[in-house]
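First comes the structure, then the notes that go with it.
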Amino acid sequence: MRCHAFFNFNKNAAEANVTTKSRSDFDMQEVEDYFNYMGMLAAEGNYDSLDVLMESGLEPVDLLLLMACSEDDFPKVEEVLGAGANVGVKNPADGKTPMEMCTKEEIKELLQANA
């Protein structure tokens, strides 16, 4: 049985002495879990946007970056960028990049630093 942690209460993985994930360590179940946990299902009322994302052929780590940016979830953005998420990925539904989806300046700065 696998356990998923959605929050990192430490400043960063290095300070917490945590081993970071790589791109291939993320899977579609984590994408669906994040969608459900962040309340996207409740906000949208259906799985249509999740289905578009999951059927796009994009890597799970890149999908998580798009979703985390749309939620302004700094810890998750930091986690997936650390795993090598593609900052140039485009949302298959509307063509927006992570930079266009987030509103928090600290996330924009993190994305620029990883471009």
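Counting protein heavy atoms only, segment 24-115 has 46 percent of its accessible area on carbon and sulfur, 1.4 angstrom probe. Hand me the GluC sites (Glu not before Pro) from segment 41-115 located in a DSSP loop with no more than 11 other Cβ atoms within 10 Å, in residue order please. Taking segment 41-115 and a limit of 11 other Cβ atoms within 10 Å, the loop GluC sites (Glu not before Pro) found are GLU55. If I take R0 = 35 Å and measure r between the Cβ atoms of TYR47 and ALA115 in this structure, what FRET efficiency does the formula 1/(1 + (r/R0)^6) give, to the nearest 0.05? E(calc), rounded to 0.05, equals 0.65. For segment 26-66, chymotrypsin sites (Phe, Trp or Tyr not before Pro) are listed when DSSP marks them as loop and at most 16 other Cβ atoms sit within 10 Å of their Cβ; the list is TYR47.
The values are calculated or read from the model by the stated rules, or taken from the named source; none is laboratory data. Here the structure is a predicted model, which means the values were calculated and not measured. In this analysis, Cβ positions are derived from the backbone assuming ideal geometry, glycine residues included, and neighbour counts consider all displayed protein chains. Please note that ligands, DNA and RNA were not included when accessible areas were found on the heavy atoms of the full protein model with its side chains. Shrake-Rupley method; radii C 1.70, N 1.55, O 1.52, S 1.80 Å.
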